[in-house]
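Worksheet: one structure, shown below.
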Amino acid sequence: MSHITLIHTVRTLIDSFERQMREYIGSDIEISHILDEYLLADTLAKGYFSDINFKRLQNDIDNALMADSDVIVVTCSTLTPAVTRIRPTISVPLVAIDDAMCQKAALQGSNIAIMATSESTFGPTMDKIEQNAAGLNKHVTMQPYLCAGARNAMAQGDAELHDILIVETAKMIQDCDLIVLSQASMAHMEHRVASICNRVVVSSPSLCIAEVQSLLDNDGSEKFQNG
């Protein structure tokens, strides 16, 4: 039985991500979760991802390795640059939540709107899309749209307000051909935002889970490539 370990910084993703993963991959997998809320909270408070947090993430990944994980997934897009640095140093596939999403955005979009509820997500997401676009010899433009207040609403358990604020932000988007919902916690709004904006919308969980399935199909022998 394959063992997948998910490293989260947002508590609400634990149940939803496992449910989606079992629906897509099947029930014959073992899924473990590591919750480290401090990694995101401290980054938001300081405005940057510290060396201490990098070591903390390494420890979380080491714990996943000691649990004999076949694939490790980090579900917080703010941590993607750190995941990219750690990936070559370990022996099992290490997947960042937005790897496949950023590949798809770079492939399909040219003028891209980036929606986020945490400002710390913009830099890693936009940098990764730009890197993927460069690999395609393609130029893309990106415009960030912060869903102000949505993250605090979710943290306080007000999912309805969280969704309302995403809708209000979506209504402000103009002049784009693709929209990125840069955080996994926004994924359930994909169809709603697409309906409002009449644009292609991409989010991370389903694309990430498809990548995990591909890795398991290959017996985890090939590491996920950055594109």
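Count of segment 80-116 residues, restricted to those that are in the same structural domain as residue 151 (by TED's automatic domain parsing), assigned to a loop (DSSP other than H, G, I, E, B) and farther than 27 Å from residue 164 by Cα, is 1. For residue 190, state whether it is outside any loop (DSSP other than H, G, I, E, B) and without any contact (Cβ under 8 Å) to a residue 12 or more places away in the chain. In short, no.
With the condition kept exactly as written, say whether any residue in segment 160-168 is under 18 Å from the mean Cα position of the chain (by Cα), under 21 Å from residue 129 (Cβ atoms) and modelled with pLDDT of 95 or more. Yes, because at least one residue in segment 160-168 is under 18 Å from the mean Cα position of the chain (by Cα), under 21 Å from residue 129 (Cβ atoms) and modelled with pLDDT of 95 or more. The selection criterion, being surrounded by 14 or more Cβ atoms within 10 Å (Cβ to Cβ), within 25 Å of residue 19 (Cα to Cα) and among the aliphatic types (A, V, I, L, M), holds for residue 201. In segment 43-63, the residue that is surrounded by the most Cβ atoms within 10 Å (Cβ to Cβ) out of those that are at pLDDT 95 or above and of a type in the set (D, E, K, R) is 60.
For segment 117-145, a residue qualifies if it is aliphatic (A, V, I, L, M) and either touching an Asp or Glu at 6+ places or on another chain (Cβ under 6 Å) or assigned to a helix (DSSP H, G or I) (or both), and the qualifying residues are 126, 129, 133, 134. Would you mind stating whether residue 227 is assigned to a loop (DSSP other than H, G, I, E, B) and at pLDDT below 95? Yes: the conditions hold for residue 227.
Note on segment 8-31: residues that are in contact with a His (Cβ under 7 Å, 6 or more places away or on another chain) and polar (S, T, N, Q) total 0.
Table: residues versus (1) under 17 Å from the mean Cα position of the chain (by Cα); (2) farther than 30 Å from residue 30 by Cβ.
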site: 69; (1), (2): no, no
site: 87; (1), (2): yes, no
site: 92; (1), (2): no, no
site: 95; (1), (2): yes, no
site: 107; (1), (2): no, yes
site: 132; (1), (2): yes, yes
site: 135; (1), (2): no, yes
site: 144; (1), (2): yes, yes
site: 152; (1), (2): no, yes
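Within segment 1-23, how many residues are crowded, with 17+ Cβ neighbours inside 10 Å and out of contact with any Pro (no Cβ under 7 Å at 6 or more places or on another chain)? Final tally of qualifying residues: 11. Taking segment 64-79 as the range and being surrounded by 16 or more Cβ atoms within 10 Å (Cβ to Cβ) and part of a helix (DSSP H, G or I) as the test, the residues that pass are 64, 77, 78, 79. In segment 155-167 there is at least one residue matching the filter, namely being under 30 Å from residue 27 (Cα atoms), in the same structural domain as residue 110 (by TED's automatic domain parsing) and not in a helix (DSSP H, G or I).
The values are calculated or read from the model by the stated rules, or taken from the named source; none is laboratory data. What you see is a predicted model; the values in this text were computed from it and never measured. Counting neighbours? That spans all protein chains shown, and the Cβs are built from the backbone with ideal geometry, glycine included.
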